[in-house]
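Q: Before anything else, here's the structure in question.
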Amino acid sequence: RIEKAFNRDEILALYLNQIPYGSNAYGIEQAAKTFFGKPANELSLAESATIAALPKATTYYSPFGTHTSELFKREQIILKQMLDEGYISEDEWQKAHDQKVEFTPGAENIEAPHFVIYVREILAHRYGENELEQGGLTVITSLDYDLQKIAEKVVKKGADANDKLGADNAALAAIDPRDGSILAMVGSRDYFDVTHNGNFNVALALRQPGSSFKPIVYAALFSKGYTPNTILYDVTTDFAQKESEEYIPKNFDGTVRGPVTIRKALAGSLNIPAVKALYLANIYTVLDYTAELGYTTLNEPSRFGLSLALGGGDVKLLEHVGAFATLANDGVRNELSPILKITKPDGSVLEERKETPGVRVFSENVARMITDVLSDNSARSYVFGENNFLTLGDIPVAAKTGTTNDSRDGWTVGYTPALAAGVWVGKNDSTPMKNAGGVRAAGPIWNEFMREALKRKPIISF
């Protein structure tokens, strides 16, 4: 009946003016206003191609989501196809190809936007775009709104303060170690800040963790019978696997300290003993543990060498905090989840999280030895000083910083028995920071968040 009443162009027009484009935008006109703040007839060729890329997977390719690089790749494919099929000239293609497409995320009024979009992507993957857009689902999440507002405030404040250090962005993730609930997620200094690509979620992006990865290496070593009192030799060492190569890591200050305990080496973040720890633990053993801890980005052993001990493998902030949450939970990992319950309009329950015992990754004693070292302020004072951002006054807390060799990434990750949180700082374009890193740039943000989050809460000892 439709084909008898309309020609093909008219059918296509009806279709394009009704289908969802994501973010509650139905039809081209609303999509143009939602994503670009203008009517469809004012869109450039590049902007039009970007919107045309959305219907295939509106949540995955959302301009307000975490896959904008994939969206722009699809936009370029569309433009090239238009050129190849003669719809646009070479000059039109070149102009559209070179245009930097910018969105207007201020059009969406979302609370906890990075978290919300993360949940929407999970729902779209599990139930499909149609059910997500039109199914009328009621979703109860694990978000602690009070903690989320604290996180947004301290990340924005910290990123503003770090501008002078050449670190214009920051991200934070917080987890309840006891059940894996994701309590807060801030993916950038300001989701609605177009200048700093605010809609990009760094909490789910690949970044190198620097020395903040060392506790995982030492936990694997402790599982083999080593302890915080074991002596490692902090002396200049060539770890090269072939005679024609050399790998001679250096400590942050360029000095060596001779025989040191693992407690002193880990607490003071010495590099040479950490590489020896990875060698002794065996890199394949460590990677087996990272898989059990929930890291999804360290699954190709052939890609990594002993530099993995110093954070030479990309991780996601959320998964990294999840690994620390496992240490906080005495070595038992709970699956990370942002969703508590999903119901349909008729009241039927699609899914509901049940309490589970979790999965033991490290023995209780191994986890407690790591915690004991990371909460030993006197053991790290020879490097960080007695007064540093890794302590919370009377609140017992374990923490570790990390900075990549090229100063592109700075981290502080830590935990109490009831709260694990991590902060990443750096630049969106991955250029090096200026005289900044985990301690100086990420530490203040992490410290303020933990103090605010735990204020007026009962103190829980390890």
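Q: Check whether at least one residue in segment 27-37 is within 24 Å of Ser188 (Cα to Cα), loosely packed, with under 12 Cβ neighbours inside 10 Å, under 27 Å from the mean Cα position of the chain (by Cα) and at pLDDT below 95, and report yes or no.
A: no
Q: Sticking with this one: When segment 50-69 is examined, which residues are found to be under 23 Å from Leu204 (Cβ atoms), more than 25 Å from the chain's Cα centre (by Cα) and open to solvent by 40 Å² or more (accessible area, probe 1.4 Å)?
A: Across segment 50-69, the qualifying residue is only Lys56.
Q: Condition (residue is open to solvent by less than 50 Å² (accessible area, probe 1.4 Å) and under 15 Å from Val315 (Cβ atoms)) applied to segment 391-400: is it met by at least one residue?
A: Yes, because at least one residue in segment 391-400 is open to solvent by less than 50 Å² (accessible area, probe 1.4 Å) and under 15 Å from Val315 (Cβ atoms).
Q: On to the next question. Return the residues of segment 130-166 that are of a type in the set (S, T, N, Q) and farther than 25 Å from Asn24 by Cβ; say none if nothing qualifies.
A: Matches in segment 130-166: Asn162 only.
Q: For residues in segment 75-111 being at pLDDT 95 or above, surrounded by 14 or more Cβ atoms within 10 Å (Cβ to Cβ) and among the hydrophobic types (A, V, I, L, M, F, W, C), which is nearest to Ala174 (Cα to Cα)?
A: Top of the filtered list is Ile78.
Q: Those residues that are over 27 Å from Glu121 (Cα atoms), in a helix (DSSP H, G or I) and touching a helix residue (DSSP H, G or I) at 6+ places or on another chain (Cβ under 9 Å), I need them from segment 62-93; list them, please.
A: Hits for segment 62-93 are Lys80, Met82, Leu83, Glu90, Glu92, Trp93.
Q: Next question. Across segment 1-44, which residue is nearest to Val116 (Cα to Cα) among those that are in a loop (DSSP other than H, G, I, E, B) and of a type in the set (A, V, I, L, M, F, W, C)?
A: Ala25
Q: Right, next: Is segment 417-426 home to any residue that is over 29 Å from Thr68 (Cα atoms), touching a helix residue (DSSP H, G or I) at 6+ places or on another chain (Cβ under 7 Å) and open to solvent by 10 Å² or more (accessible area, probe 1.4 Å)?
A: yes
Q: Hey, another quick one. Quick check: is even one residue across segment 153-169 under 27 Å from the mean Cα position of the chain (by Cα) and within 27 Å of Val332 (Cβ to Cβ)?
A: Looking through segment 153-169, none of the residues is under 27 Å from the mean Cα position of the chain (by Cα) and within 27 Å of Val332 (Cβ to Cβ).
Q: Next question, about the same structure. One residue is enough: does segment 116-129 have a residue meeting the conditions buried (at least 16 other Cβ atoms within 10 Å of the Cβ), part of a helix (DSSP H, G or I) and free of Cβ contacts under 8 Å to residues at least 24 places away in the same chain?
A: yes
Q: Answer yes if at least one residue in segment 313-325 is in a helix (DSSP H, G or I) and free of Cβ contacts under 8 Å to residues at least 24 places away in the same chain, and no otherwise.
A: Looking through segment 313-325, none of the residues is in a helix (DSSP H, G or I) and free of Cβ contacts under 8 Å to residues at least 24 places away in the same chain.
Q: Right, next: For segment 386-395, does any single residue satisfy the condition of being out of contact with any helix residue (DSSP H, G or I) (no Cβ under 9 Å at 6 or more places or on another chain) and over 21 Å from Ala267 (Cα atoms)?
A: No: zero hits.
Q: Taking only segment 308-327 into account, find how many residues are touching a Ser or Thr at 6+ places or on another chain (Cβ under 7 Å) and open to solvent by 10 Å² or more (accessible area, probe 1.4 Å).
A: Here the count works out to 4.
Q: So Phe72 passes all but one of these: (1) over 22 Å from Thr195 (Cα atoms); (2) of a type in the set (A, V, I, L, M, F, W, C); (3) open to solvent by 30 Å² or more (accessible area, probe 1.4 Å). Which condition number does it fail?
A: Status for Phe72: all satisfied but (1).
Q: Turning to a different aspect of this structure: Among the residues of segment 45-61, which ones are in contact with a Phe, Trp or Tyr (Cβ under 9 Å, 6 or more places away or on another chain) and assigned to a loop (DSSP other than H, G, I, E, B)?
A: Across segment 45-61, the qualifying residues are Ala53, Leu54, Pro55, Thr58.
Q: Looking at segment 250-281 only, could you name the residues that are free of Cβ contacts under 8 Å to residues at least 40 places away in the same chain, surrounded by fewer than 17 Cβ atoms within 10 Å (Cβ to Cβ) and over 28 Å from Asn435 (Cβ atoms)?
A: Passing the criteria: Gly258, Pro259.
Q: Another question, then. Which members of segment 328-358 meet the condition of being surrounded by 14 or more Cβ atoms within 10 Å (Cβ to Cβ) and aliphatic (A, V, I, L, M)?
A: Scanning segment 328-358 gives Ala328, Val332, Leu336, Ile339, Leu340, Ile342, Leu350.
Per-residue answers, yes or no, for (1) outside any helix (DSSP H, G or I); (2) among the charged types (D, E, K, R):
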position: Tyr279; (1), (2): no, no
position: Asp288; (1), (2): no, yes
position: Tyr295; (1), (2): yes, no
position: Ser307; (1), (2): no, no
position: Leu340; (1), (2): yes, no
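The values are calculated or read from the model by the stated rules, or taken from the named source; none is laboratory data. Keep in mind that what you see is a predicted model, and the values were worked out from it rather than measured. With ideal geometry, Cβ positions are generated from the backbone for all residues, glycine too; neighbour counts draw on all protein chains shown. Ligands, DNA and RNA are stripped out before the accessible areas are found, and what is left, the full protein with its side chains, is counted by its heavy atoms. Shrake-Rupley method; radii C 1.70, N 1.55, O 1.52, S 1.80 Å.
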